[in-house]
Amino acid sequence: MLEPPDIVALMDKVKRRGISLKDYVGVAPLNGIKTGLNEAFLIDALTRDRLVQEDVSASDVIKPFVRGQDISRWVTPQSDLYMIVLKSSADHSWPWANASSEVEAEAQFAQMYPSVHRHMKRFESFADIKTGERKGLRYREDQGRWWWSLGSCAYYGAFETPRVIYQAIQYYARYSLEEGPLYGNNKTYLIPSEDRWLLSALNAPISWFVAWRHFLHMKDEALSNDQAKIVSFPIPDGDEPEKEQAADQVSKIVEQTRFVSKSLSKSLIG
């Protein structure tokens, strides 16, 4: 893209004075979870309530979930979606992790989470309506040792600690601070940091100006801010008084946004 000299000079200045996001945070952003079969692992609130009503222990493995399209600026409201988080035995010490056979492992799974087991069993194996080909949890590319398990992931814990989340595809800057459990799909990313200065920088108008020239353009002028490009995205380096002031203002914005979001949800419900 050809730019006027003053725009080129401004971009050079921003990049020269900024710190790459990866260097600022210390790690690259982390991608959301790819389940391999969303219809099995992703459920709505009604299904979640039913599974928990049938077996209260189901709540241990059912977590709030967000899609890329659901992420908002500053704070993301709770959606009506949940994820059944059955971590790979390579990442979690399930009672069935070291079972000697699938029969033994499944029996332990069914005993520990009976309602979740019944739900997952429906998706174990089925015939494609059009082709007759066998599909289901058993035939996924992304799975753990057992057919009901998610694929291995070294950072499950990052989905339950304070962090910044964002969309893989954006039409405008939507970086959100999350402090509790919230899992995302592979169209979301998380930055394992609750740094308010970082959040303010990413949501700033000047950052969208830079993003428009830094990220790849997709259909309908959406931007693809995937891991390969965002690691080098320039973050301004302020002094401590500036960062403290920004942190204070961002905390207020986050709380106000959260309050408005909850108020809107209550008014819509009744």
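Tabulated values for the structure
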| read-out | value |
| --- | --- |
| Residue pairs meeting the criteria (Cβ under 8 Å; at least 6 apart or on separate chains; first in a helix (DSSP H, G or I), in segment 54-80; second among the polar types (S, T, N, Q)) | E54/S115; A58/S115; G68/Q167; G68/N185; G68/T188; Q69/Q167; D70/T76; D70/S79 |
| Top-ranked residue in segment 132-165 [being farther than 14 Å from I84 by Cβ and among the aliphatic types (A, V, I, L, M); ranked as farthest from the chain's Cα centre (by Cα)] | A154 |
| In segment 136-155, the residues that are touching a strand residue (DSSP E or B) at 6+ places or on another chain (Cβ under 6 Å) and surrounded by fewer than 15 Cβ atoms within 10 Å (Cβ to Cβ) | Y155 |
| Qualifying helices (runs of 4 or more DSSP H) (wholly inside segment 166-248; at least 2 residues being modelled with pLDDT of 95 or more and of a type outside the set (D, E, K, R)) | 196-203 |
| Test: V231 is over 22 Å from the mean Cα position of the chain (by Cα), among the β-branched types (V, I, T) and surrounded by fewer than 20 Cβ atoms within 10 Å (Cβ to Cβ) | no |
| Failed item in (1) over 27 Å from K15 (Cα atoms); (2) without any contact (Cβ under 8 Å) to a residue 40 or more places away in the chain; (3) among the acidic types (D, E), with E178 passing the rest | (2) |
| Residue within segment 138-151 that is modelled with pLDDT under 95 and either under 23 Å from L46 (Cα atoms) or among the polar types (S, T, N, Q) (or both) present | yes |
| Residues satisfying the stated conditions in segment 181-211, i.e. over 30 Å from G36 (Cα atoms), small (G, A, S) and buried (at least 18 other Cβ atoms within 10 Å of the Cβ) | S200, A201, S207, A211 |
| Per-region count, segment 8-42, residues assigned to a helix (DSSP H, G or I) and either free of Cβ contacts under 8 Å to residues at least 40 places away in the same chain or within 30 Å of K121 (Cβ to Cβ) (or both) | 11 |
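The values are calculated or read from the model by the stated rules, or taken from the named source; none is laboratory data. Just so it is clear, the model here is predicted, and its values are computed rather than measured. Please note: Cβ atoms are built from the backbone with ideal geometry, for glycine as well, and neighbour counts cover all protein chains shown.
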